[in-house]
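Worksheet for the structure shown next.
The values are calculated or read from the model by the stated rules, or taken from the named source; none is laboratory data. These numbers were taken from a predicted model, which means no experiment stands behind them. A quick note on method: Cβ atoms are made from the backbone with ideal geometry, for glycine too, and the neighbour counts reach across all protein chains shown.
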Amino acid sequence: MSHLIAPSVLSADFGNLQRDCEMLNNSSCDWYHVDIMDGVFVPNMSFGFSVMKSLQQHAKKPLDVHLMIVEPDKYLEEFKNHGATNLSVHIEACPHLHRTIQKIKALGCKAGVAINPHTSVSLLEDIICDVDIVLIMSVNPGYGGQKFIENTYMKTHKLKEMIVRKNSDALIEIDGGVNLENASKLIDIGADVLVAGNFVFSSSDPVATIASLKKL
C-alpha cells in the first residue's frame, strides 16, 4: 500500500472552511485529519460538533478523527454520527482501552490508539492486533506548528517491528511536525499515514505541497 497523506484541518482557515475543504477534495490527499481537543486532556481547545457538521457536509474524503479528550467513550457515537470514518483515542485517556476499541469497531469505524511522545510503544503489545491505526504523536499534543521530536524515528521503528512480529494489520500514523525533510525517512522505517497541518496550509501552494508528500 502506498502511504497516505492526511492534512490536519486544525491549520485550515475557519473563516473559509468550505474553500479549504474544496481544496483538499481536489488534492491528492487521502484523509482529512480532524483534531478534537477539550482543554482538559491537552492545554488547548479546538472545534466540536458544529465544525464536524460542516466538514461532514463538504468533505469528500474520509474523516480521520483524533480525540484528544478525557472520557472519549461518552462521545464516540456522536462523532460517528457527524461523519467520522476513523476514531483514534489516547491510551493515556482510556483506562479500559480494549473496551473502547471494541466500541469504536461496533460503530463501524476504524479504531485507532494514539500515544503521546513520552509513552512507550511497548504498552501496545496486548492491543496491537485489535486496532486498525496507531497514531504516534511526534510533537506534544495541543498545538500546531511544533518542531518534530527526533525520538519518533526510534518509536516508529520499534512499533513496525511489533506489528510484523504480532502479524497485525495496524497502520502507523505520524502526527506533528511532518515535512519534506523527515517524511521520506518516516516512510522508509514503516510509517503508513502522514499528518501535515501547518506545513500544508501555510505553504503558497497547498495542493502542490500535498502532491510532493504523496509522491515520496
### Query
Listed residues G83, G108, G39; which is under 17 Å from the mean Cα position of the chain (by Cα) and farther than 26 Å from N179 by Cβ?
G83
### Residue among S88, S138 that alone is within 30 Å of K60 (Cβ to Cβ) and touching a Phe, Trp or Tyr at 6+ places or on another chain (Cβ under 6 Å)
S138
#### Entry: Where F47 falls short, out of the listed (1) farther than 19 Å from I133 by Cβ; (2) surrounded by 17 or more Cβ atoms within 10 Å (Cβ to Cβ); (3) at pLDDT 95 or above
(3)
### Query
Among (1) in contact with an Asp or Glu (Cβ under 7 Å, 6 or more places away or on another chain); (2) surrounded by 19 or more Cβ atoms within 10 Å (Cβ to Cβ), which single condition is L107 missing?
(2)
### Task
Only residues in region 75-88 that are touching a residue at least 24 places away in the same chain (Cβ under 8 Å) and farther than 11 Å from I36 by Cβ count as the first member; pair them with residues that are among the charged types (D, E, K, R) and crowded, with 17+ Cβ neighbours inside 10 Å, Cβ under 8 angstrom, at least 6 apart or cross-chain, and list the lot.
L76/K103; T85/D64; T85/K110; N86/D64; N86/K110; N86/D132
### Query
If you check N81 against the conditions, is it modelled with pLDDT of 95 or more and surrounded by 15 or more Cβ atoms within 10 Å (Cβ to Cβ)?
no
### Query
Limited to region 196-208, what total is found for residues that are in contact (Cβ under 8 Å) with a residue 24 or more places away in the chain and in a helix (DSSP H, G or I)?
5
### Task
Can you tell me which residue among A93, A59 is aliphatic (A, V, I, L, M), in contact with a helix residue (DSSP H, G or I) (Cβ under 8 Å, 6 or more places away or on another chain) and in contact (Cβ under 8 Å) with a residue 40 or more places away in the chain?
A93
### Message
Name the residue that is surrounded by the most Cβ atoms within 10 Å (Cβ to Cβ), counting only residues in region 177-195 that are assigned to a helix (DSSP H, G or I) and touching a residue at least 24 places away in the same chain (Cβ under 8 Å).
### Response
L186
### Message
So for region 92-104 (the condition being within 26 Å of K160 (Cα to Cα) and of a type in the set (S, T, N, Q)), does at least one residue qualify?
### Response
yes
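So is N140 in a strand (DSSP E or B) and either touching a residue at least 40 places away in the same chain (Cβ under 8 Å) or under 23 Å from F47 (Cβ atoms) (or both) or not?
No.
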### Query
Within region 143-168, restricting attention to residues that are part of a loop (DSSP other than H, G, I, E, B) and touching a helix residue (DSSP H, G or I) at 6+ places or on another chain (Cβ under 6 Å), which residue is surrounded by the most Cβ atoms within 10 Å (Cβ to Cβ)?
G144
